[in-house]
Amino acid sequence: MRSLVADLLAVRLGEQQDELLHKRLYNAIRLSILDGSLPPQCRLPPTRDLARELGLSRNTILTVYEQLLAEGYVLSRQGSGTFVADVAPDKLLSAPVMAPGEHIDAPPVSYSSRGKWLLDHISASPRQWGAFIPGVPDVNAFPHQLFSKMQARISRRPTPQRLTYSSQGGTPELQHALANYLRVARSVQCSPEQVLITEGIHQAIDLVARMLCDSGDEAWVEEPSYWGIRNVLQMNDVKICPVPVDSAGLVPPERTSAAPRLIFVTPSHQYPLGAVMSLERRQRLLALARQNGSWIVEDDYDSEFRFSGQPIPALQGLMPDPPVIYIGTFSKTLYPGLRLGYVVLPRALAQEMKAAHAELYRGGHSLIQAALAEFIEAGHYSAHIRRMRLLYGRRRAFLTGLITRYLGPQALSDFSDNAGLHLVLNLPPEADDIAIAKRANARDILVRPLSSYYLTENRRRGLLMGFACVPEEKMEGAFKALMQCINEVCPQAAEGL
């Protein structure tokens with residue numbers, strides 16, 4: 001004869017939607033306890049009886065009873081059975097009983113002023129793949145199989161040191177490999193002890209700002225500049241001072257006695273305009289920093305990809321022991337999801353900055369770093385960059401041809417050098433590049449508005465167009481869709497170019 005409890009649970013069991021049988025039974029009993037259908041001190045049927053009455057296995061009943069017992073919904077009395085507890089755990093938390101799918105309005109969340117500011121200035125695209133997302137490489141072209149074999153071999157017998165926190169700023173193997181590579185490829189003067197491995201440029205900038213700036217200290221940034229740098233500085237209460245950029249790079253103010261604590265530059269390929277800083281400007285900036293005790297932060301984010309002539313040497317290598325913090329990333333040369341970057345620190349900063357990095361961020365990813373070190377030392381990294389340079393050069397030429405054919409050569413930015421993973425499409429001053437980008441993004445054309453990279457009101461209008469991850473056969477169709485968006489938002493734009 002079926003018990004009343006079994007009848008109740010049979011009905012409640014049918015109301016549950018979870019795919020797992022034991023979860024449906026657990027929810028049926030728990031809700032029955034919470035709404036009073038199974039009152040305090042109510043005796044639950046023995047597991048064998050309930051299993052027979054519901055047509056379930058006894059192991060399922062045992063699993064559910066054990067879970068309810070562990071959470072405090074029921075009590076077990078040896079020799080007597082299982083009983084509903086006097087007070088359910090939910091009642092102790094004063095939480096309302098809610099049916100499945102029901103919700104209540106949560107109280108408003110109060111963020112800090114810095115948190116509110118950041119939420120108002122988020123610029124990262126929710127989508128990071130497709131035409132014409134700037135700064136994203138062709139991640140399909142990376143030799144994943146080769147790299148995976150290296151990782152698998154290293155992971156089979158990992159040493160304890162590779163499975164614990166890193167306190168030395170990264171694995172020694174990767175620090176040595178990078179120091180050797182940077183000396184040859186970028187003319188960077190460094191030893192392995194100066195190399196700090198980070199989880200990308202944002203973490204590197206955050207560390208620099210925290211360790212070298214007090215609240216209210218100033219930093220020069222290029223105008224226009226990468227929004228990520230500005231957001232990280234703002235969150236560290238560093239005062240941002242925009243400095244104009246021309247075809248020779250950042251233009252330092254004439255009055256040199258008021259240099260700030262930090263000077264952020266992208267000298268090899270200015271972001272976003274593409275200018276290359278002249279040798280005269282580089283030397284002037286170095287002298288200015290040394291004279292005023294400033295630190296230059298050189299962001300060398302995609303300098304490997306130059307499609308004519310030789311790569312421009314790093315600013316860091318122009319003098320012995322320069323006041324330069326050199327930052328690089330593997331996001332552009334390999335793929336962003338790797339989340340690995342690096343910093344070449346001046347000797348005076350290296351030991352303390354590595355200690356601070358370990359304290360703040362708890363370094364790791366040692367197995368991946370070891371595989372990447374082997375990848376570099378074996379020559380695969382340089383070979384991959386050479387292949388990608390050829391591939392991206394073809395795609396850049398194809399996109400440049402499209403822009404010239406449809407809009408004329410004046411649509412190409414006069415700042416743009418033959419390098420990098422994006423170029424700038426000029427728009428007339430009256431064009432609303434933000435509205436054009438918004439409409440294009442809605443059609444999966446992932447351009448970015450140039451005006452959003454400025455801090456001052458004197459803004460150029462244009463669109464940042466990445467070409468690295470767009471095969472030529474898909475580029476023209478995407479470009480025509482972009483042209484349609486431009487004509488819909490600003491019909492006179494194409495005529496004014």
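The values are calculated or read from the model by the stated rules, or taken from the named source; none is laboratory data. Quick caveat, the model's predicted, so the values are computed rather than measured. With ideal geometry, Cβ positions are generated from the backbone for all residues, glycine too; neighbour counts draw on all protein chains shown. These area figures cover heavy atoms from the full protein model, side chains too; ligands, DNA and RNA do not enter into them. Shrake-Rupley method; radii C 1.70, N 1.55, O 1.52, S 1.80 Å.
Quick notes
- Burial order of peptide ranges 462-475, 382-395, 207-220 (average beta-carbon count within 10 Å, highest first): 462-475, 207-220, 382-395
- About its Cα centre, the dipole of segment 237-338 is roughly 200 debye, where the only charges are +1 on Lys and Arg Cβ and -1 on Asp and Glu Cβ.
- Interchain or long-range residues, amide H under 5 Å from ILE325's placed H: ILE296, VAL297, GLU298
- Dipole-positive endmost among VAL324, TYR181, SER451 within the chain (Cβ charges, Cα centre): TYR181
- Point-charge dipole on Cβ atoms (K/R +1, D/E -1) for segment 324-420, about Cα centre, debye to 20: 400 debye
- Overall dimensions of segment 124-268 as given by Cα atoms, namely Rg and Dmax in Å: 19.2, 59
- Accessible area expressed per residue, the chain, with surrounding protein chains retained (probe 1.4 Å, Å²): 47 Å²
- Here is the tail figure for segment 347-497: Cα pairs spaced more than 27 Å apart come to 42 percent of all pairs.
- Alpha-carbon centroid distance for the pair segment 221-245 / segment 382-442, whole angstrom: 24 Å
- Normalised by 2.2 N^0.38 Å, where N counts its residues, the alpha-carbon radius of gyration of segment 100-179 equals 1.87.
- Charging the Cβ of each Asp and Glu at -1 and of each Lys and Arg at +1, and nothing else, the dipole of segment 175-261 about its Cα centre rounds to 220 debye.
- For the peptides 344-355, 298-309, the ranking by mean Cβ contacts within 10 Å, running from highest to lowest, is 298-309, 344-355.
- Rg/Rh ratio calculated on Cα atoms of the chain (Kirkwood radius): 1.12
- On the chain, 53 percent of the accessible area sits on carbon and sulfur atoms, based on a 1.4 Å probe.
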